[in-house]
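Below is one structure, written out as C-alpha cells; the observations come after it.
Bear in mind that the values in this text are calculations on the coordinates, not laboratory data. Note that the structure is a prediction, hence the values are computed from the model and not measured. Note that we place each Cβ from the backbone using ideal geometry, even for glycine, and neighbour counts take in every protein chain shown.
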Amino acid sequence: MRIAMIGTGYVGLVSGTCFSEFGIEVVCVDKDAAKIDMLKGGEIPIYEPGLDALVASNVKAGRLSFTTDLAEAMKGAQAVFIAVGTPSRRGDGHADLSYVYGAAREIAETMSGYTVVVTKSTVPVGTGREVARIIKETRPDADFDVCSNPEFLREGSAINDFMRPDRVVIGAESERAQEVMRQLYRVLYLIETPIVFTSLESSELIKYAANTFLATKITFINEIADLCEKVGADVHDVSRGIGLDGRIGKKFLHPGPGYGGSCFPKDTVALVKTAQDSGSPLRIVETVVDINDKRKKAMADKIIAACGGSVAGKTIAVLGLTFKPNTDDMRDAASLSILPALKAAGATVRAYDPEGMDEAKKLMPDLDYRDDAYATLEGADALVILTEWNQFRSLDLGRVKSLLKAPVMVDLRNIYEPAEMARAGFAYSCVGRPS
Ligand code: UGA
C-alpha cells in the first residue's frame, strides 16, 4: 500500500514514520522546504526519543520519503492523511482550520482514482463533512471518501503510543473506505488492538472528549492536592487509593503545576467553543480551563511563599522548562506563566532544561540560562523543579545543598520524598503532600 502524509509536524512525522514501519510506502509532504531538506539529510526537526533511528531505517528500506511536491506524493496513493496544524484562532479560541481546508483543496486538484482522504489532525466536529464538500466543489468528478482518524499519541512516548495504542478510532462511513483503513492498520489487528469504527462526527468528538476528560482528571487531582495541603492528607495516597478502583484508573492522577502542551490547553478551549456554539455548554470543561489558567499563576505565589513571602532581589534556580519531560516542546508550558511572574516580583531567574532551552530563550529571553543543572544552583536562594526530567530525579542532594545559598526546594512535580528531603536538611515544599 502507499499513502501520502501532509504535514511533518509531531503527528504527521511520527504517524508517517510508524506507518512505514508497518510496511506501508509513505511519502511525507510539507510546504516548508527547509524542513523537507533537513529530513532528507537525515535530521529530525523535533526531539522525540527513538524517532531518528526509525526514520533512518525506513528511509534506508525505501519505504519512507520526503517531498514538497504533493502531486508526486499522491501518485498511486490509496489514502492521503491531513496532519497539518490546527492552532487556536487568535481572538476566539476556535481551532484555525485554514491549513486543513487548504490541504483539502490541493488534494482535490491532484487526486486521481479512488482515494481515501483522512483527517489525522485534531479537528472539530463537522470538519470532515466540510473537507468532503470542498473536494466535491473543487473536483465534482473526484472518486473519494473522507475519514476521520484521530491520533492519541503523547509527546515523549509517541512511537510506542502509535505502535501499541489502546485503541484506534476511525470515522469511516463507506465499506470501501473502511477496507482501506483496515489494510493500513493490519499490523494492529494482528496484536488485537481494538479498532472502533464510527461516523465522522463521533470520531471527531472522541478525540476532543478524550483530551478533555484527561485534562479534567488532572485538574481534579490538582484541586484534591490543594485540599490535601489544607487538611494534612497526602495526595499520592489519595491518587493510589482512588486509582485502584478500575472505574477510575490510576493514570493521569499525578498532581502538578497545571496541564500544558500543544494539545490539552488548545483542545479544551476549542471544545468549550464548539459546545457553546451548539447550545449545549460543557460547564465542567469551562471550569477546568479556568482552574488550570489560575493554577499556573498560583504556582508562582507558592514559590514566593516558600521563599519567605518575597523573592525581590533573590535568585531562583529553575530546573525544567518544557511542558513535560522527553520533549523540547515549550508550548503552553507552566514555566511560561510562572517564571515571568517571579521576575515581575523582583527575582532573578536562572534556568536549565535538557532539551527546551533553544525555544525557551526565544520565548523568555531575559532569564539567566545555564548549561547544566548544578551550574544553575550556585548561590541561588531557592531551587524550583518545574519539569520531571529523569536527570533531576537523582540529584546529588549534598551537592545541591552546598551550592544553594539556602536549602529551599520547591518541587512542583513531586519527584522527591518529603521525609527524605527533611532528613537531608531541606525546607522542602511540593504539591499536596505534608512536608
Ligand atoms: C496529550 C494526550 O495525552 C495524548 O493522548 C494526545 O494524543 C495528545 O495530547 C494530542 O492531542 O496530540 P501530550 O500533550 O503529549 O499528549 O502530553 P501528556 O502526557 O498528556 O501531558 C499533558 C500535560 O498534562 C503535561 O503538562 C503534563 O505534565 C500534564 N499531566 C499529565 C499532569 O499534570 N498530570 C498527569 O497525571 C498527567
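What to note about this one:
- Cα radius of gyration and Dmax for the stretch 107-233 (Å): 18.7, 68
- Around the amide H of Cys28, modelled in the peptide plane, lie the amide H atoms of Met5, Ser65, Phe66, Thr67, all under 5 Å away and 5 or more residues distant in sequence or on another chain.
- Viscosity 0.692 mPa s, temperature 37 °C, Stokes-Einstein D of the stretch 4-90 from Kirkwood C-alpha radius, µm²/s: 255 µm²/s
- Taking other residues whose beta carbon is less than 13 angstrom from the beta carbon of Arg423, and scoring Lys, Arg as +1 and Asp, Glu as -1, yields -1.
- Between Tyr369 and Ala351, the built amide H atoms are under 5 Å apart, and every one of these is 5 or more places off in sequence or on another chain.
- In this Cβ point-charge picture (+1 for Lys and Arg, -1 for Asp and Glu), the chain has a dipole of about 700 debye about its Cα centre.
- Tail weight of P(r) past 30 Å, computed on alpha-carbon pairs of the stretch 2-198, percent: 14 percent
- Local net charge near Gly171, Cβ-Cβ under 11 Å (Lys/Arg +1, Asp/Glu -1): -2
- Ranked by how many other Cβ atoms sit within 10 Å of their own Cβ, fewest first, the residues Ile291, Ile135, Ile316 fall in the order Ile291, Ile135, Ile316.
- Alpha-carbon centroid distance for the pair the stretch 252-281 / the stretch 334-368, whole angstrom: 25 Å
- Positive minus negative residues near Ala95 (Lys, Arg vs Asp, Glu; Cβ under 9 Å): +1
- Nearest-20 debye value, the stretch 264-429 charge dipole, Cβ charges on Lys, Arg, Asp, Glu: 460 debye
- Three principal axis lengths of the stretch 264-429 [C-alpha, angstrom, descending]: 59, 33, 30
- Links that overshoot a 24 Å alpha carbon limit, given the list Lys362/Lys405; Lys230/Lys302; Lys361/Lys405; Lys35/Lys343; Lys266/Lys314; Lys297/Lys362: Lys362/Lys405; Lys361/Lys405; Lys35/Lys343; Lys266/Lys314
- The angle separating the long axis of helix 175-184 from the principal Cα axis of greatest extent in the chain is about 50 degrees.
- For the peptides 151-161, 318-328, the ranking by packing is 318-328, 151-161, with the highest mean count of neighbouring Cβ atoms within 10 Å listed first.
- The Cα atoms of the chain define a convex hull whose projected area, averaged across directions, is 21.9 nm².
- Estimated vicinal HN-Hα couplings, Hz - the stretch 310-322 in sequence order (Karplus 6.51, -1.76, 1.60; Gly, Pro = x): 8, 10, 4, x, 9, 9, 10, 8, 10, 10, x, 10, 5
- When the charge dipole of the chain is built from unit charges on Cβ atoms (+1 for Lys and Arg, -1 for Asp and Glu) and taken about the Cα centre, the candidate among Val100, Ala312, Leu342 whose Cα reaches farthest toward its positive end is Ala312.
- Dipole of the chain, positive direction: furthest Cα of Val29, Pro165, Phe323, with charges on the beta-carbon: Phe323
- In Hz, Karplus ³J(HN,Hα) per residue of the stretch 345-358 (6.51, -1.76, 1.60; θ = phi - 60°; x = Gly, Pro): 8, x, 7, 9, 10, 9, 9, 9, 9, x, 10, x, 6, 4
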